[in-house]
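A.B. asks: The structure under discussion is supplied below as structure tokens; questions concerning it will follow.
The values are calculated or read from the model by the stated rules, or taken from the named source; none is laboratory data. Remember, predicted model here, so these are calculated numbers, not experimental data. Cβ sites come from the backbone with ideal geometry, for glycine too, and all protein chains shown count toward neighbours. Note: accessible area is taken over every heavy atom of the protein model, side chains too, but ligands, DNA and RNA are not part of it. Shrake-Rupley method; radii C 1.70, N 1.55, O 1.52, S 1.80 Å.
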Amino acid sequence: MRSMSMAVTDERIRLFVGRSRECNALNAWLATPNAPTRVIALTGMGGIGKSTLLIRLLQLAQEHGSVSAWVDARTCYRTPKGFEEALPGSYKEWAASDSPRKKLVLGIDNFEELQVLEGWLREIFMGSMPDENVLLIVASRTDLMQAWYTDSVWQPYIDVWPLTEFSEAEVDDFLKRRSVADTTRIKTLIGSAANHPLALALAIDAMARYHKDDFATIKNLVAETLSGRLIREIANEDLQPLIDILILVAESNQDLFQRVLQRRVPVRHYHDLMQLSFVRRTGMGVGLHDLAQTALLQDFKSRNPGEFALLRERIARVLLSDLSAARPAQRGPIVQQLLWICRDIFSPPRTYADLVGASPDLLPTGFEPKDAPLLKQFVSDWGRQSFPLPKNLSLQLLDDVIANFPGTIRVARDSFGEPQAMFCSLPLYNQTLALLEWYHPLLVKNLLDLELGITQCSVHDATATYMVLVGTNTQQSRYTAQELIGAMVRDQFTISAGLSSLLLVTNPDLKDFARSLGFVGRVFSVTDDSPADEELFILDMRHGNFATWMSHIIGISPVSRDINPTDLQEILSNLHNPNILSQSSLATLLGMDGLTLSQHIYKELTAESATSPLTDRDCKVLRTTYLPHRSSSTQCAAALHISRATYYRYLNDALTHLSLRFQQAIN
């Protein structure tokens, strides 16, 4: 009769999926005579499978005839003696042996619990080990080995293995080993989180315990369990406001945190935030892992909808302020952030595109030549294109775009870098119009007849962009077609901010989707036998209309065009001169004479507590700048004890909020 230990071990081996790279690396080390001593760090967010892999690696060591030892750091006293006492008998027998020793593989799970012993473990414990045939494997939510691999002596001995989500094949294997018949239903249940081992395990468990058709209950249960596990990791309550911001934005840095919260965020809090397993480093600063963002968004919105909406508005005002001051080349990332924070309030039915479920990791990037064969397949599998051509000519057009305008092609890639969707939106100017005219002369002629300023101009003077080609990977199951299209729609807004976006539509679902986003349809026949339901949909984002459109989507009052920061700067600079103030447009809009307006502004800026949307910081910056008026930004920054760059950002925020405050009074 087998022991329970053997039965459990056999079952773990049967259920183990993937991680072949890590297992192969261990097997290679085990097979090497006199293998050099090394330290391996397994890192990744909670539920990614660190403990499962650690146990499997120790099993492989045993199968090879090596000594394996496992320690759960949560059970140790945080002292050298406490750690040594927690080491299992297999290690102690190996350490006490005088005969030639077998190879040792020592695994420490939840290594973050021993962070206070990191120096002792490195210099004393590992320093006492032989330089051959010892392998220390530690598993932790965050990478705690920085002191090891930044030390020029220890660096050659360290390997860091960050664990990623499962591939599509590994997901299928995971479900097959657990006898899940309806794999499509499980994947649909958790959407883009379907490649995360913990989400898969929770979904399988929920499907087994609840009626298989009770989809809403199962989905809520999985989300609640995930969010509960993640929230338990936040030991410092000071981090919760930062997490709340990251739930809404795709990424943030310390400056954005401070501007949204209107207070200083200590460096230690920012550092502590980066230690959470579900927080990842990004190009801008930090962001949440996709799984965490999905689960925590649902939790935050249902737990405190009022605070959720207020925080969204505060973030939007900061980003809209940045957008108004940004140069054209800087607007794309800001637009992307604005679209991301309101992904859950877009109203269209998700029969065509899903802006809510679209993963933040599924961000379109530029075209690479190696993408061409896949993109041709995507276009070939798509139905009718917005630039209507026979299939063979659409593929020929794609070849021409790749050859002449490759920068207009956007490719949505998964977390492994593989293309999953593509779209091409051409700015309309002399060269692109010539290409499109070769394929469809009548359509181009009708475009030029529109009152949208489309002319045979240079690329820098283009006023419109036309959606030419689109396609998705129909052979994968991780993302729905709606999620892929949603990701591309967000990217299209990034590209077309400041331009008019055009697409030709017959699909009724796409028409509903476009109208909900503010597009306006008009009859637009491109052939004598054009379908009766063919319409050209136009979204005019010229003349700064994007900010107005976004403000409407979020439900905040945009700054009136009659009150802008430049006008306010002139007014604030002349607070001592009622005659000049009386001639201002603001005095006219408020129905005040110059003296009353001056007194009104003084009252706003010197109030004991600022009135929303003004903040106490706004008032302090404006008082420092204009009461009395200082001659230079350097003086103002010095008086506020901040850098000039920070001063300019704070002043821009303050002027925007004061404009909004006056807009409230006018309305």
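A.B. asks: So for the chain, taking the charge dipole from beta-carbon charges (+1 Lys/Arg, -1 Asp/Glu), which of Ser90, Ala481, Leu443 sits furthest toward the positive end?
C.D. replies: Farthest towards the positive pole: Ser90.
A.B. asks: Per residue, how much accessible area does the chain show when a 1.4 Å probe rolls over the protein heavy atoms, in square angstrom?
C.D. replies: Here the residues of the chain average 46 Å² of exposed surface.
A.B. asks: At q = 0.10, 0.14, 0.17 Å⁻¹, what log₁₀ I(q)/I(0) does the stretch 405-528 have when each alpha carbon counts as one equal point scatterer in the Debye sum?
C.D. replies: Taken in order of the listed q values, log10 I(q)/I(0) reads -0.34, -0.67, -0.97.
A.B. asks: Angle between the Cα long axis of helix 290-303 and the longest principal axis of the chain, 0 to 90 degrees, nearest 10?
C.D. replies: 60
A.B. asks: I need the P(r) histogram for the stretch 39-192: all alpha carbon pairs, bin width 5 Å from 0 out to the longest distance, whole percents.
C.D. replies: Answer for the stretch 39-192: a P(r) of 2, 8, 16, 19, 18, 14, 8, 7, 5, 3, 1, 0 percent.
A.B. asks: Mind checking the full-extension length gain between Leu589 and Gln62? Use 0.36 nm per residue of separation minus the Cα-Cα distance, one decimal, nm.
C.D. replies: Gain in length upon complete extension: 181.6 nm.
A.B. asks: Then there is this: Can you give the charge dipole size of the stretch 350-474 about its Cα centre, rounded to the nearest 20 debye, using +1 on the beta carbon of Lys and Arg and -1 on the beta carbon of Asp and Glu?
C.D. replies: Dipole of the stretch 350-474, to the nearest 20 debye: 220 debye.
A.B. asks: Now, a different point. Would you calculate the separation in nanometres between label points at Lys391 and Ser97, each defined as 7 Å from the Cα along the Cα-to-beta-carbon direction?
C.D. replies: That separation, rounded to one decimal, is 6.5 nm.
A.B. asks: How large, in Å, is the stretch 1-122 by the Kirkwood hydrodynamic radius built from its alpha-carbon pairs?
C.D. replies: When all Cα pairs of the stretch 1-122 are included, the Kirkwood radius is 15.8 Å.
A.B. asks: Cα centroids of the stretch 372-401 and the stretch 43-71: how far apart, whole angstrom?
C.D. replies: Centre-to-centre distance over Cα atoms comes out at 48 Å.
A.B. asks: What angle do you read, to the nearest 10 degrees and between 0 and 90, between the alpha-carbon axis of helix 481-496 and the longest principal axis of the chain?
C.D. replies: Orientation of helix 481-496: about 50 degrees from the principal axis.
A.B. asks: Grab the beta carbon distance between Thr548 and Asn24, set R0 = 60 Å, and tell me the FRET efficiency rounded to 0.05.
C.D. replies: In this case the efficiency is close to 0.60.
A.B. asks: Over the chain, what is the relative contact order in whole percent, taking alpha-carbon pairs under 8 Å and six or more residues apart?
C.D. replies: Value for the chain: 9 percent.
A.B. asks: Can you tell which of Val468, Leu614, Leu175 lies farthest toward the positive end of the dipole of the chain, using +1 and -1 charges on the Cβ of basic and acidic side chains (Lys, Arg; Asp, Glu)?
C.D. replies: Going by the charge dipole, the pick is Leu614.
A.B. asks: On each of the three principal axes of the Cα atoms of the chain, give max minus min coordinate, whole Å, ordered largest first.
C.D. replies: Principal-axis extents of the Cα atoms in the chain, largest first: 96, 70, 50 Å.
A.B. asks: Let me ask something additional. Can you give the angle from 0 to 90° between the axis of helix 331-341 and the longest principal axis of the chain, with both taken from C-alpha atoms, to the nearest 10?
C.D. replies: Compared with the principal axis, the helix lies near 70 degrees.
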